[in-house]
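Reviewing the structure listed below.
Here, each number is a calculation from the coordinates, and none is a lab measurement. Everything numeric here is computed off the predicted structure, so don't read it as measured data. Neighbour counts are summed over all protein chains in view; Cβ atoms, including those assigned to glycine, are modelled from backbone coordinates with ideal geometry.
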Amino acid sequence: MKDDVIICRCEDVSYGEIVEAIDSGLTTLEELKRVLRTGMGPCQGRTCSRLIARIITERIGGEVADMKPLLDRPPTMPVEIGILAGASDED
Amino acid sequence: MRTNADCVIIGGGIIGAAVAYYLAKGGMTNCVLLESEYLSSGATGRCGGGIRQQWSTEPNAQLAMDSVRIFKTIEEELDADIEFLQGGYLVLAYTDEDVEQFHKNFELQRRLGLDVEILQPEEIASRVVKQVNTDGVRMATYCPTDASANPFLATKAYAQAAVRLGVEIELFTPVTRILREGNRIVGVETERGIINTPRVVNAAGSHSVPLARTVDVEIPITPYRREILVTEPLERFFDPMIISFSFGIYFRQVKHGSVIGGFAYADEAPGFNEESSIDFLTMMSRKLSFLMPALKHVKVVRQWAGLYDVTPDAQPIIGETDGVDGFFQANGFSGHGFMIAPKVSSLLSQLILGQKPDLDIDRLNARRFSEGDVDLDHSVV
């Protein structure tokens, strides 16, 4: 794959950047997320996680099926602060 | 994995990584840093990244001020970008108690040479940030040299610099117990084997408590969940961290553009719970909507939680354990470990290297709790 292909579309992270990070010793989705922001955007990794998992296995071996997925962080979809504020019991 | 080391550091957060770096820099390069998961997977990587010098006790203020001095040049020293930004801290007072305490803090901080100032509510918009709602604000303090940085990048920077100096870092390597013979440390047992060492640094946050128990040492730390959220990225529109002790809240706009912030429940139950809650999400949104109405139309993309390792006086436990030679504590940071990490880690490494620390940290030894010598800091969020 070409280095400039975008893998994480939310945060604009390319294949080349991901490979470089894996080669520097980051071997899990969670570590890559914290350093590259892959999976921190609006889609929360639903688009790129499997692709990145495959890139990791290509670089260091192992099976995609054995890789720990990113921890799910709420909310499932981005929600406006004003709407969440209105949902409070204390209103 | 090395089987013999001069020092084993347990915990791959900012403290463990920085202690490893300063030890190696001071000449003790045969160190091993053990981390049960990955770097900054615990409290460090879950924190807000604020670096505040405005504290109510002299020791905390001094440690934070010295740490800012180190942070200012650390990117060059470690050859890494950690997104260090001196955007200031704006602290809002709402009650009589706040006002009284803020004046005391101001006197203390000015005496120490901090460039903090008192602002009247009407000065906030023109001097610091336009979008803050000042309804109910009695006064504020503002320190332009308070700062922030990216906790992941800072931890990684210290860790990589330590490795370059000869430190070994073992990730995904949980410690099963510390090994003690009589009154001294002799090693560490991990799931991957034993490392013989005369020195152990316990920098595992709230998990320091069960670790210390493996050598019959009790440390007075209680874990409390603290929650936090982050929004979608916005064009930069404010620089300072904004905090209020009355609201228990802090928030700032990070370099990436998103707004990140949290607050503490007054009645959070102690424990190792790190689940996110819907109550936090809605209550935090109400607080943010009040304090900065412009945020109402901004979307929250993610929330998470982490653990504060809280001591009885909200100050960290630093130093060698009485009765167990070679067992060093670096824990109990009570929610402000990241911001004082550079100085505290440097001082602890001096202690371990047998040098005289260039700032007194003996008062942070755990023995203060048995001697009843505690000085509670009132500026904890």
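GNM, chain B, Cα, under 10 Å: largest mean-square fluctuation among B:Ile194, B:Ile51, B:Ile15?
For chain B, modelled as a Gaussian network with Cα springs under 10 Å, the answer is B:Ile194.
Using 31 Å as the Cα-Cα cut-off, could you pick out the over-long pairs in B:Lys296/B:Lys343; B:Lys104/B:Lys299; B:Lys72/B:Lys104; A:Lys2/B:Lys72; A:Lys2/B:Lys296?
B:Lys296/B:Lys343; B:Lys104/B:Lys299; A:Lys2/B:Lys72; A:Lys2/B:Lys296
In terms of the Cα gyration tensor, with a ≥ b ≥ c the square roots of its eigenvalues, is the stretch B:1-139 rounded because a/c is under 1.5, prolate because a/b exceeds b/c, or oblate?
The shape class here is prolate.
With an 8 Å Cα cut-off and a minimum separation of 6 or more residues, compute the relative contact order for chain B in percent.
So the answer I get is 24 percent.
Using bins 5 angstrom wide from zero, how does P(r) for chain A break down, in % of all Cα pairs?
2, 14, 24, 21, 14, 8, 6, 5, 4, 2, 0
Spin-label point model (7 Å from Cα, Cβ direction): what's the B:Glu122 to A:Arg9 distance in nm?
5.2
Only loop residues by DSSP count here, and only those with at most 15 other Cβ atoms within 10 Å; note down the GluC sites (Glu not before Pro) in the stretch B:182-220 that meet that.
Qualifying residues, ordered by number: B:Glu191, B:Glu218.
What number, rounded to the nearest 500 deg cm²/dmol, is the helix-based mean residue ellipticity at 222 nm of chain B, given -39500 (n - 2.57) per DSSP H run of at least four residues and division by all its residues?
When only DSSP H runs of four or more count, the value is -9000 deg cm²/dmol.
Antiparallel as a % of all DSSP beta bridges within the protein assembly as shown, to the nearest 5?
Expressed as a percentage, antiparallel bridges in the protein assembly as shown total about 75.
Ranked from highest to lowest mean number of other Cβ atoms within 10 Å per residue, what is the order of the peptides A:74-80, B:253-259, B:356-362?
Put in order of decreasing packing, that is B:253-259, A:74-80, B:356-362.
Check each of the trypsin sites (Lys or Arg not before Pro) in the stretch A:1-47 and keep only those in coil by DSSP with at most 10 other C-beta atoms within 10 angstrom; list them in order.
A:Lys2
Which order do B:Tyr21, B:Tyr265 fall in if you start with the one that has the fewest other Cβ atoms within 10 Å?
B:Tyr265, B:Tyr21
Between the alpha-carbon centers of the stretch B:1-27 and the stretch A:1-47, tell me the distance in whole angstrom.
Value for the Cα centre distance between the two parts: 29 Å.
Roughly how many debye, to the nearest 20, is the charge dipole of chain A about its Cα centre, given +1 on each Lys and Arg Cβ, -1 on each Asp and Glu Cβ, and no other charges?
Once rounded to the nearest 20, the dipole reads 320 debye.
Report, in whole Å, the centroid distance computed from the Cα atoms of the stretch B:256-311 and the stretch B:111-177.
That distance is 17 Å.
Show me the trypsin sites (Lys or Arg not before Pro) within the stretch B:1-108 that DSSP assigns to loop and that have at most 16 other Cβ atoms within 10 Å of their Cβ.
Answer by residue number: B:Arg2.
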